[in-house]
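Here is the structure we will look at, set down as structure tokens.
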Amino acid sequence: MNGLFAVDGKLYQVMGKLADLVLLNLLWVLCSIPVITAGASTAAFYSVLLKMARNEEAYIFRSFFHAFHENLRQASAVFGILLAACGLLECDLYVCARMGGRAGKGLFTVFCVVAVFVYMTACYLFPVIAFFQNSTKKVFKNSFLLAIAYFPYTILIAAVSLCPWLLLFFGEFVYAAFFDVVIGFSLAGLLNAHLLRRIFSRCSCGQAPQPRQEHTVTPQGMGMRQEHTLSLQEKQRLRPEKLRTLLEKQRLQWETIRTLHGKKRLEHLWTYYKFVLVLLLAAVLVLCTAGVMIRNSLNHTVLSVVIVDAARTDGAAARELEEELLDLLDFHGKHDHIEVVLSATSKNTEENIAKLRVALSSVSGADVVICGEDVYEEYSRQDAFAEIEVPSEDGHAAGGDHAAVKKLDLAEHRNSVFSEYIGYSPACLSVMEHSAHKENAWALIQALP
């Protein structure tokens, strides 16, 4: 058991590697928050990851900021050029999408292909800066040539690089964001670093640029005391490993920590106790996940309502509307829950369009949708809405005739619970075809004044 938790044991090595990835991920996120330093941060990020992929010992904090300072000017210039190219491409795609016709579609396809090649080249830019010494012009040239020459690897690297962002977009946002900020990007980066190591090793001869001089840190950098005199404590250090008890080892560790100060003490603590951080983070993540799963299993969702372009979009408004709907439908169970989405918008941007499609898709589980005439017409053509049976003008009596419609105009229901959340007219209320709670949706319609 002692061997399992020893410094050279497998468990310690795995935990140490995970702790290094956590620290590296946090450093990259923090140093990328000022957008102008994102390029240097990414170059330093890959510099450390490439060392880890080659199993080279390096202190994460020191190695990261050494590479950050070394590549700051060139990486920032490359990042600025890349941002400008992406902005220009986005403008071109927007204009072509608005053009319409055969010419517009053709140009849109061409610029989409160009965008793919730009993305594939971007996957190599900062690893090339981290590993090779090149001029800025050659950084772009070599990155493009590597993307083409090693196309199968490029597909894998591009796919792995997208994974943290796809998780953030399609997963549970809070927990996906927590995972990405803690370790998600560095895990994806480490996988890419192993692929890049193979590529760079094949490029280390011939016309390829020369690799950078590697800066390794010696064990003295930890601040460990060197043995000059054989004091009692030093003799204890020299005793055979099998004669040392666990308590002696722990006491000697704390004695060593007390002799260190400032930065050296922090590096020593990180080197020997970083696996504790990983265990704590893992425990927090497991407990939070278990809590959410238990809460979700107890909740009984009776209805899901989406209001597009709502007048109020804050969380308090969503909770107030949920309480009003629960009272209206006479659901008073402890775990009864109505999901209210007020953030969907029809503003004509690519991000908003994508979010609206997700909100009105079968994945979101929306039951009732309130939207403007334009949004209703667009999704009605896709048969997204179910028919609603409402009394005809002369069918109010029991057994009277009913008319089948796909929308109700809430302008005719001025005192409904939705009045203060809608600032446009007409406001179309519809039931989704894929609704899992159609009975409750129809009960809501019948309860409207």
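The values are calculated or read from the model by the stated rules, or taken from the named source; none is laboratory data. Everything numeric here is computed off the predicted structure, so don't read it as measured data. A quick note on method: Cβ atoms are made from the backbone with ideal geometry, for glycine too, and the neighbour counts reach across all protein chains shown.
For this structure, a couple of remarks:
- Wholly enclosed helices (runs of 4 or more DSSP H) of segment 241-342 bearing at least 3 residues modelled with pLDDT of 85 or more and in the same structural domain as Ser430 (by TED's automatic domain parsing): 315-328
- When restricted to residues that are among the aromatic types (Phe, Trp, Tyr) and surrounded by 17 or more Cβ atoms within 10 Å (Cβ to Cβ), segment 148-168 contains 2.
- Pick from segment 68-85, criterion in contact with a helix residue (DSSP H, G or I) (Cβ under 7 Å, 6 or more places away or on another chain) and closer than 16 Å to Val114 by Cβ, ranking: surrounded by the most Cβ atoms within 10 Å (Cβ to Cβ): Leu82
- Scanning segment 150-169 for residues that are at pLDDT 90 or above and either of a type in the set (A, V, I, L, M) or not assigned by TED's automatic domain parsing to the domain that holds Ala43 (or both) gives Ile155, Leu156, Ile157, Ala158, Ala159, Val160, Leu162.
- Being within 24 Å of Gly184 (Cα to Cα) and either modelled with pLDDT of 90 or more or among the charged types (D, E, K, R) (or both) is a property that holds for Ser47.
- Within this structure, Phe108 passes the test of being out of contact with any strand residue (DSSP E or B) (no Cβ under 9 Å at 6 or more places or on another chain), without any contact (Cβ under 8 Å) to a residue 24 or more places away in the chain, aromatic (Phe, Trp, Tyr) and over 22 Å from Ala188 (Cα atoms).
- Residue in segment 148-155 that is farther than 16 Å from Leu190 by Cα, hydroxyl-bearing (Ser, Thr, Tyr) and in contact (Cβ under 8 Å) with a residue 12 or more places away in the chain present: yes
- Subset of segment 119-147 that is without any contact (Cβ under 8 Å) to a residue 24 or more places away in the chain and more than 28 Å from Asp180 (Cα to Cα) - its residue that is surrounded by the fewest Cβ atoms within 10 Å (Cβ to Cβ): Lys137
- Some residue of segment 379-392 being at pLDDT 80 or above, surrounded by 17 or more Cβ atoms within 10 Å (Cβ to Cβ), over 19 Å from Thr345 (Cα atoms) and assigned by TED's automatic domain parsing to the domain that holds Ala427: yes
- Failed criterion for Val417 (all others in (1) assigned to a loop (DSSP other than H, G, I, E, B); (2) of a type in the set (Val, Ile, Thr); (3) modelled with pLDDT under 80 hold): (3)
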